[in-house]
Every structure is written in structure tokens, then in C-alpha cells.
Amino acid sequence: MATRIRLRRIGRKKVPLYRIVVADQDKARDGRFIAVLGTYDPRAEASKQVQLDVEAAKDWVRKGATPSDTVGALLKKAGV
């Protein structure tokens with residue numbers, strides 16, 4: 001089972017809000033997931049956009065979960 005760290009949309013119409021989740025790569029974008037690592041709010045100011053459990057993210061990357069392009073950039077900003 002290949003896992004990916006990716007965004008899952010939870011915001012309402014025209015107000016995007018995302019959860020950073022670990023999911024099987026074959027599941028739908030808003031489908032089943034394994035773990036929640038944090039949130040991403042693109043509308044917030046830069047210092048409050050990403051709230052992330054850094055230790056859990058590092059652990060999943062060590063286990064072999066590959067981040068999507070967007071989540072990879074967010075993880076790089078957070079120092080993972």
C-alpha cells in the first residue's frame with residue numbers, strides 16, 4: 001500500500017480550508033484517510049497558514065509516505 005501526504009478539502013464553497021492527511025494514493029481526494037497531520041488555510045496571513053504536527057510528519061516520511069507537490073512545499077516551509 002503506497003501512502004501519500006496530501007491535502008483534503010474541508011472548507012465550504014469559496015472559502016477553502018484544507019487538512020493535511022496521510023492517505024492511500026488510490027483513494028479519492030476527500031475520501032478515506034489514515035491520519036491527520038495538520039491544517040492549511042490559504043486565506044490566512046503567512047504566519048498562520050500552516051498548523052502541522054512536525055514530528056508526525058517526519059515519522060510518516062521516514063515510513064515512506066511521499067508528499068504531494070503542494071504539501072512538499074508546505075513541509076519544506078515548516079522544516080520537515
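No lab work stands behind these numbers, since they all come straight from the coordinates. Quick caveat: nothing in here was measured; it's all calculated off a predicted structure.
A few notes on this one:
- Helical content alone sets the calculated 222 nm signal of the chain at -7500 deg cm²/dmol, taking -39,500 (n - 2.57) per DSSP H segment of four or more residues and averaging over every residue.
- Karplus-based coupling profile of the range 19-28, in residue order and whole Hz: 9, 8, 10, 9, 9, 5, 5, 8, 7, 5, with θ = phi - 60° in 6.51 cos²θ - 1.76 cosθ + 1.60 and x standing for Gly or Pro.
- Amide hydrogen proximity for Ala35: with H placed 1.01 Å from N in the peptide plane, the residues at 5 or more positions away or on another chain lying under 5 Å are Val22.
- The distance separating the Cα centre of the range 43-57 from that of the range 64-80 comes to 11 Å.
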